[in-house]
Structures are given as C-alpha cells and as structure tokens.
1. Based on this model, can you work out whether ILE202 counts as surrounded by 18 or more Cβ atoms within 10 Å (Cβ to Cβ), hydrophobic (A, V, I, L, M, F, W, C) and closer than 30 Å to PHE235 by Cβ?
2. Just name the residue that is farthest from the ligand (Cβ to nearest atom) out of those in region 126-139 that are part of a loop (DSSP other than H, G, I, E, B) and crowded, with 19+ Cβ neighbours inside 10 Å.
3. Within the bounds of region 146-157, is there any residue that is surrounded by 14 or more Cβ atoms within 10 Å (Cβ to Cβ), more than 30 Å from GLU199 (Cβ to Cβ) and near the ligand (Cβ under 8 Å from one of its atoms)?
4. So the check is Cβ under 7 Å with 6+ separation or different chains; which pairs have a first residue in region 86-97 that's over 12 Å from ASP118 (Cα atoms) and a second one that's of a type in the set (A, V, I, L, M, F, W, C)?
5. Report yes if VAL49 is touching a helix residue (DSSP H, G or I) at 6+ places or on another chain (Cβ under 6 Å) and either outside the structural domain of LYS209 (by the TED database) or within 16 Å of the ligand (Cβ to nearest atom) (or both), otherwise no.
6. Please determine, by comparing only the residues of region 81-117 that are in a loop (DSSP other than H, G, I, E, B) and of a type in the set (D, E, K, R), which one is surrounded by the most Cβ atoms within 10 Å (Cβ to Cβ).
Amino acid sequence: MAYETITVEVEEHIATITLNRPDAMNALNLQLLGELCTALEEADASDKVRCVVLTGSEKAFAAGADVKEMAEQSFVDAFLSDIFGGEAERFRNIRKPIIAAVSGYTLGGGCELAMMCDIVIAADTAKFGQPEINLGIIPGLGGTQRLTRTVGKSKAMDLCLTGRFMDAEEAERSGLVSRVVPARKLREEVRSIAEKISEKSIPSLLAAKESINRSFETTLAEGMRHERRLFQSLFATEDQSEGMAAFLAKREPQFRDR
Ligand code: CO8
C-alpha cells in the first residue's frame, strides 16, 4: 500500500514504520495516524512480521498532534469526530510487540504515541514533554493517564502543568523509557532488540504483551488470575514442549509458533 506520511520497510521478521512529515516535525494529523494504524494492522496480520519498530527522524520522533489541523476545531467538531479516538483504539488492538525508537522531540501526542508502544528506546538526544498546557489544552491521548501510571503523580503533574521538557536520562530514571543509547547507535541497538524478540515463539510473545497490558486495566487479583490462565494455556503449545526440551538438552529451541 502507498503511504504519504509514513514509510514501511520489512526486513526479515521486522517491520520498521517511520513517521515521515519532515516539514512539520512529524506532527500527527489524521492522515498520518490513519496510515500508521493501517500499516500496524498489516504487520499484525502478516505471517512474516514478528516485531514492529516505530521511529521518526533524528530531529523528532513526533512534536505532537498537528496544531495547524486542530487550531480551527470547535468543541462540537472534536466531539462529533471523536478526534483520534478510533485510531487510539486501533493501535491498542495490535497484538505483536511494538518498539518505539525515539530521538529528538517526543512531545505531546508524540510522547503519548511512544507510550502506546510496548518498549521505548531513546537516543540520548530525545526530549520528552506534554506541552499542551501552553496551547490552552491538556493531553488527550494518554498524557494524563499512561504517563501518570508510568512516572507517578508528581512528575506527571510537573510535566503536564509546566509544559517543560525532560531529557532522555531523566526519562529513563522515571521509567518512561527502558534504555538510552547514543543517537548514532539507536538504529543498531533497536534492531538487535527486535531480532532478539523475533526469535521467540509468537504465542508466548502475544500472551506476555496481553498480560502486561492487562495490569493497567484491572485489580492485582484479577490480573494475577488472568496471567495464570494465560500461563497455563501455553502448556497446550508445541513451543512450550520444544522450549523446555531444548533447555534440558542444552540446545537452542526451534520454535514453530504452534
Ligand atoms: N503541529 C504542527 N506543526 C508543528 C508542530 C506541531 N505540533 N511542531 C512543529 N511544527 C512545525 C512548525 O510549525 C514549523 O513549521 P513551519 O516551518 O512551517 O513554521 C516546523 O514544524 C519546525 O518547527 P519550529 O520552527 O518550531 O522548530 P524549532 O526547532 O524552533 O522548535 C519545537 C521545535 C520545540 C518542537 C516546536 O516546534 C514546538 O514547540 N512544537 C509544538 C510542540 C507542541 O506544542 N506539541 C503539542 C501539540 S498538542 C498535542 O499533541 C495534543 C495531543 C492530543 C491529541 C489527542 C486528541 C484526542
């Protein structure tokens, strides 16, 4: 499929989706989010793809939702179109692992998009923030919800109420990103993480992602029950027998996604 605001490259088992609006710091508009969701759904449905990498440019992962597109919207426009609501739901439904590889500005909707991914790897040049308050609005794609669950109330308040940016080191310390790497090594490091993930059995990858995401939605007791059922269900797979047999025979497992 031909896209105008993203590029998609599939190499071996990894689909790399690159946000591509260089003139607007990869600002997220309806077209970009629509194309992104379609590309993610294609990757999710593909037998070949086992892991997705979502990235931007060196300057910006994404500097937020497109202010030019939003500026003239009235409440009724935003309410009736449920702006970005459908896309957020489509993103949430992706079952394969998604790694965000971010450098430069990762702001507003861009920071929220990174948080919608499963793992965030940051270049040391990355700058994170929820500057919506400077526009007379608040975050609308998880900046008050996912961010608070991720970095805690005090830092979420700090970021959302002042609109300040935080650097990659502070983001790692706060738990927003899992690793920080030198900018020139970002591509290579993320590739190696994606390759490592791609070697695993797809049923267990999907189950792990589903179970971790469930922890955001439910009580500990319910989450533990859900985890246990998924854990038990994996004993119905051939890959569980293979993984354990390989361990005991001191060899590498040959997973078949069955
Ligand atoms: N939207 C549209 N265009 C943008 C955006 C944006 N968010 N960010 C940058 N651009 C454009 C600029 O307008 C400029 O275009 P032009 O050359 O045509 O004037 C170009 O990108 C380059 O930007 P700058 O000249 O400003 O570059 P600087 O290096 O001086 O500054 C910054 C870079 C700091 C990133 C600056 O551009 C900036 O502050 N951008 C806006 C950041 C922001 O406020 N983001 C939050 C937006 S609101 C949001 O994300 C809400 C999400 C929730 C929506 C969900 C609804 C349910």
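The values are calculated or read from the model by the stated rules, or taken from the named source; none is laboratory data. Quick caveat, the model's predicted, so the values are computed rather than measured. Please note: Cβ atoms are built from the backbone with ideal geometry, for glycine as well, and neighbour counts cover all protein chains shown.
1. On the way: surrounded by 18 or more Cβ atoms within 10 Å (Cβ to Cβ): yes; hydrophobic (A, V, I, L, M, F, W, C): yes; closer than 30 Å to PHE235 by Cβ: yes.
Yes; evaluated as a whole, the condition is true for this residue.
2. To start, the set of residues in region 126-139 that are part of a loop (DSSP other than H, G, I, E, B) comprises 126, 130, 136-139.
Among the residues that remain, those that are also crowded, with 19+ Cβ neighbours inside 10 Å are: 126, 130, 139.
On the way: ALA126: 12, GLN130: 8, PRO139: 6 Å.
Residue satisfying both the conditions and the ranking: ALA126.
3. There is no residue in region 146-157 that is surrounded by 14 or more Cβ atoms within 10 Å (Cβ to Cβ), more than 30 Å from GLU199 (Cβ to Cβ) and near the ligand (Cβ under 8 Å from one of its atoms).
4. These pairs meet every condition: GLU87/LEU33; GLU87/CYS37; ALA88/LEU141; ARG90/CYS37.
5. Working: touching a helix residue (DSSP H, G or I) at 6+ places or on another chain (Cβ under 6 Å): yes; either outside the structural domain of LYS209 (by the TED database) or within 16 Å of the ligand (Cβ to nearest atom) (or both): yes.
Yes, satisfied.
6. Within region 81-117, the first condition is being in a loop (DSSP other than H, G, I, E, B), and the residues that meet it are 82-84, 93-97, 103-104, 108, 117.
Of the ones still in play, those that are also of a type in the set (D, E, K, R) are 82, 95-96.
Details: ASP82: 11, ARG95: 14, LYS96: 21.
Filtering region 81-117 for residues that are in a loop (DSSP other than H, G, I, E, B) and of a type in the set (D, E, K, R), the one surrounded by the most Cβ atoms within 10 Å (Cβ to Cβ) comes out as LYS96.
Here is a yes/no grid of residues against (1) of a type in the set (D, E, K, R); (2) outside the structural domain of LEU135 (by the TED database); (3) part of a helix (DSSP H, G or I):
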site: MET157; (1), (2), (3): no, no, yes
site: MET166; (1), (2), (3): no, no, no
site: GLU172; (1), (2), (3): yes, no, yes
site: ARG187; (1), (2), (3): yes, no, yes
site: SER192; (1), (2), (3): no, no, yes
site: ALA207; (1), (2), (3): no, yes, yes
site: THR218; (1), (2), (3): no, yes, no
site: ARG228; (1), (2), (3): yes, yes, yes
site: GLN232; (1), (2), (3): no, yes, yes
